[in-house]
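> Okay, handing you the structure first.
The values are calculated or read from the model by the stated rules, or taken from the named source; none is laboratory data. Keep in mind that what you see is a predicted model, and the values were worked out from it rather than measured. Cβ atoms come from the backbone with ideal geometry, glycine included; neighbour counts cover every protein chain shown.
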Amino acid sequence: MSAPRNATGDSFFAWDGDVLVLNILGKPGAGRDAIGKPKGTQLKVSVTAAPKNGKATDHMLRFLAPLFGVAVADIEVVFGQENVNKQLRIKAPKKLPAVFTAP
């Protein structure tokens, strides 16, 4: 069952049991793949792939999976496969990028 769009409240992420719910503001066609800073209730993620037929989102999942210590199959796109605004559900991440622990 998918979480509602406001599942993260005022943050860019929330936990649903052992699943990390993450709101993303994607930036396709960037110079490099990178996790940026939170912007409101979204985390900015840049990818080099062009925004065509969901390819940038697919590329983003392949970029993010090792950063969270999970397989690509453990990341579900709740909404936004072909949109810069997206929500992901990451099943039992084994690690978190630094932006999650920053003050």
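> Of the residues K37, K52, K94, which single one is on the phi < 0 side of the Ramachandran plot, out of contact with any Gly (no Cβ under 9 Å at 6 or more places or on another chain), in a loop (DSSP other than H, G, I, E, B) and of a type in the set (K, R)?
Numbers: K37 fails: in a loop (DSSP other than H, G, I, E, B); K94 fails: out of contact with any Gly (no Cβ under 9 Å at 6 or more places or on another chain).
Being on the phi < 0 side of the Ramachandran plot, out of contact with any Gly (no Cβ under 9 Å at 6 or more places or on another chain), in a loop (DSSP other than H, G, I, E, B) and of a type in the set (K, R) holds for just one of K37, K52, K94, which is K52.
> Please verify whether segment 20-31 includes one or more residues that are under 17 Å from F79 (Cα atoms), surrounded by 12 or more Cβ atoms within 10 Å (Cβ to Cβ), at pLDDT below 95 and among the small types (G, A, S).
Keep residues of segment 20-31 that are under 17 Å from F79 (Cα atoms), which gives 20-28.
Now restrict to residues that are surrounded by 12 or more Cβ atoms within 10 Å (Cβ to Cβ): 20-28.
Filter again for at pLDDT below 95, leaving none.
Within segment 20-31 (the criterion being under 17 Å from F79 (Cα atoms), surrounded by 12 or more Cβ atoms within 10 Å (Cβ to Cβ), at pLDDT below 95 and among the small types (G, A, S)), the answer is no, since none of the residues qualifies.
> Looking only at segment 8-29, filter to residues that are touching a helix residue (DSSP H, G or I) at 6+ places or on another chain (Cβ under 9 Å) and touching a residue at least 60 places away in the same chain (Cβ under 8 Å); which one of those is nearest to V84 (Cα to Cα)?
Applying the filter and picking the extreme gives G26.
> Please indicate, with yes or no, whether at least one residue in segment 57-77 is small (G, A, S), in a loop (DSSP other than H, G, I, E, B) and out of contact with any helix residue (DSSP H, G or I) (no Cβ under 9 Å at 6 or more places or on another chain).
Scanning segment 57-77, I find at least one residue that is small (G, A, S), in a loop (DSSP other than H, G, I, E, B) and out of contact with any helix residue (DSSP H, G or I) (no Cβ under 9 Å at 6 or more places or on another chain), so the answer is yes.
> Could you pull out the residue among I90, I75 that is without any contact (Cβ under 8 Å) to a residue 40 or more places away in the chain, crowded, with 18+ Cβ neighbours inside 10 Å and not small (G, A, S)? If you could, list the steps in order and put the result at the bottom.
Details: I90 fails: without any contact (Cβ under 8 Å) to a residue 40 or more places away in the chain.
I75 is the lone residue from the list that is without any contact (Cβ under 8 Å) to a residue 40 or more places away in the chain, crowded, with 18+ Cβ neighbours inside 10 Å and not small (G, A, S).
> How many residues does segment 40-49 hold that are part of a loop (DSSP other than H, G, I, E, B), within 13 Å of the chain's Cα centre (by Cα) and either over 7 Å from P28 (Cα atoms) or among the charged types (D, E, K, R) (or both)? Spell out the reasoning first.
Applying the first criterion (part of a loop (DSSP other than H, G, I, E, B)) to segment 40-49 yields 40-41, 47-49.
Applying the additional criterion that residues be within 13 Å of the chain's Cα centre (by Cα) yields 41, 47.
Still in the list and also either over 7 Å from P28 (Cα atoms) or among the charged types (D, E, K, R) (or both): 41.
Total satisfying the criteria: 1.
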